[in-house]
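Notes follow once the structure below has been shown.
The values are calculated or read from the model by the stated rules, or taken from the named source; none is laboratory data. All values derive from a computational prediction rather than experimental measurement. Heads up, the Cβs are rebuilt from the backbone with ideal geometry, glycines too, and the neighbour counts pull from every protein chain shown.
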Amino acid sequence: MSSAAAERVLELHRADMTAAHAVVAGPIDRDGGAGAGARDGGRYRVGGVSGDERGRAGTSGDVGVGVLNGGMAIRPARANIDPVSPEPPIPDEGLVIRDEDWYGKELTDTAKYTRYSFLDTDWTEVVNEGAVFDECTFAGVRFNASRHTGAAFTNCTFKRCTFFDTRFTDCKLVGSLFQQCTYTLFEVSGGDWSFVGLPGADLRQVTFDGTRMREVDLTAARLEQATVTGCDLSGAMLHGAKLIGADLRGSELSSLDPLTVEFKGATITLEQAATIATTMGWNVG
């Protein structure tokens, strides 16, 4: 091999190493997600490298997944955004309700919707008493001043929705996912929110009281000054969550790792403090 060819090989190797390190160490850009970001032709740019460049940058075929030279995948933390497309999922193209005004509409337990998509619909002051929604999509829906009692929203997707002065009482939202929504004067009382996805959600000053929230995903969620009392958080994903000033009294906190959350000024009971100390390996007594 000539000296020029050898030098060229070394240059290519250095470029590949630099690109691979950029993929692993660089920021993960998501359009509209937690943190600054941008898209490149519908693909995430990871560390400044687009999906089209992943072959020479050392990334895998999965969008937004970096790979070290040794082949170990470095998966980014979940964020409050659909990792595939900015558009909401449409379960059934024939069941789309778009741009309708449901202001003040009354829904009862006779209302049942399966695989419907509600797009840019106004649900302001809707009174929902027991309606059932399963595998539905709500995108750009305004739930302002709406009241939901004994209703079910199971395995649904809520994307870019507005929850202002919204209340859920004894509702079932098992398996639903919230993305890029806003929550102001948001209150949840009772009900079952197990397996709900709220990663990266801005839940500052919201209220969850007496709610079953087993294995809820609150990764990197903001819960400053929130009230999360008497809730079952067994198996909850809380890595990177901010609980500063939150009221957590009476909630099940065995999944809380104080080394991975911010909790300055949070309020807990002595029993909860003992539980947390035990999970850290302390002998309490």
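Taken over region 250-271, the criterion of being surrounded by 15 or more Cβ atoms within 10 Å (Cβ to Cβ) and either β-branched (Val, Ile, Thr) or in contact with a Gly (Cβ under 8 Å, 6 or more places away or on another chain) (or both) is satisfied by Gly250, Ser251, Ser255, Val261, Ala266, Ile268. Pairing residues of region 265-285 that are modelled with pLDDT under 90 with residues that are assigned to a helix (DSSP H, G or I), at Cβ distances under 8 Å and at least 6 apart in sequence or on separate chains, gives Val284/Ala274; Val284/Ala277; Val284/Thr278.
Would you call Asp257 in contact with a strand residue (DSSP E or B) (Cβ under 7 Å, 6 or more places away or on another chain) and acidic (Asp, Glu)? No, not satisfied. For region 191-209, give me each residue that is assigned to a loop (DSSP other than H, G, I, E, B), of a type outside the set (A, V, I, L, M, F, W, C) and either in contact (Cβ under 8 Å) with a residue 40 or more places away in the chain or surrounded by fewer than 18 Cβ atoms within 10 Å (Cβ to Cβ) (or both). The answer is Pro199, Gly200, Gln205.
Residues that are part of a loop (DSSP other than H, G, I, E, B), modelled with pLDDT of 95 or more and within 17 Å of the chain's Cα centre (by Cα) are absent from region 247-259 altogether. The sole residue among Phe158, Phe143, Phe133, Phe168 that is buried (at least 24 other Cβ atoms within 10 Å of the Cβ), under 27 Å from Val261 (Cβ atoms), over 17 Å from the mean Cα position of the chain (by Cα) and modelled with pLDDT of 95 or more is Phe168. One residue alone among Ala152, Ala139 is touching a Pro at 6+ places or on another chain (Cβ under 9 Å), more than 19 Å from Gln225 (Cβ to Cβ) and among the aliphatic types (A, V, I, L, M), and that residue is Ala139. Residues in region 210-246 that are of a type in the set (S, T, N, Q), outside any strand (DSSP E or B) and touching a Lys or Arg at 6+ places or on another chain (Cβ under 9 Å): Thr219, Gln225, Ser234. Among the residues of region 98-124, those that are out of contact with any Pro (no Cβ under 8 Å at 6 or more places or on another chain) and surrounded by 16 or more Cβ atoms within 10 Å (Cβ to Cβ) comprise Trp102, Lys105, Leu107, Tyr113, Phe118, Thr121, Asp122, Trp123, Thr124.
Within region 207-266, being among the aromatic types (Phe, Trp, Tyr) and within 20 Å of Phe163 (Cβ to Cβ) holds for one residue alone: Phe208.
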